[in-house]
Amino acid sequence: MPFKKANNANPTGRPKGATNKISAEQREFLREFLLENKPKLKSEMLKMKGRSYVYAYIALMHYILPKPAVAELKEVPDLESFIAMTPEERQLAMEEIRESLHNQNA
């Protein structure tokens, strides 16, 4: 018997945009941890090179920014170009992406 929408104990379902309570708690824990360990994290990340740096940076960004739909990001450098950038260029690219996402969500 297939599941029928709105035919359950909660007919209205979870509101759109509502976050999972556990996920919200985990995000808050990680946010506090990162803020408390910011100097050490920054120092360790600056020691990383190439893909390791990029993957670590992206992994952390997933906990800070909402995951965008692929169609939302129009001008994102490919991984090889991103790796070839200087740290300053990477930072500028990430700031441009953040600004683009912020403008789309506003």
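The values are calculated or read from the model by the stated rules, or taken from the named source; none is laboratory data. Predicted, not measured: the structure shown is a model, and the values here were computed from it. Here the Cβ is made from the backbone with ideal geometry for all residues, glycine too, and neighbour counts use every protein chain on show.
Points to keep in mind about this one:
- Test: residue in the stretch 68-78 that is out of contact with any Phe, Trp or Tyr (no Cβ under 7 Å at 6 or more places or on another chain), modelled with pLDDT under 80 and among the basic types (Lys, Arg): yes
- Residues of the stretch 18-44 that turn out to be over 17 Å from the mean Cα position of the chain (by Cα) and among the acidic types (Asp, Glu), as a count: 2
- Any hit, the stretch 38-48, residues being loosely packed, with under 11 Cβ neighbours inside 10 Å, in a loop (DSSP other than H, G, I, E, B) and modelled with pLDDT of 85 or more: no
- Pairs are defined by a Cβ separation below 6 Å, a sequence spacing of at least 6 or placement on different chains, a first member in the stretch 1-27 that is surrounded by fewer than 10 Cβ atoms within 10 Å (Cβ to Cβ), and a second member that is at pLDDT below 70 and of a type in the set (D, E, K, R); no pair meets this definition.
- When the test is whether a residue is within 13 Å of the chain's Cα centre (by Cα), modelled with pLDDT under 80 and aliphatic (A, V, I, L, M), Ala56 does not pass it.
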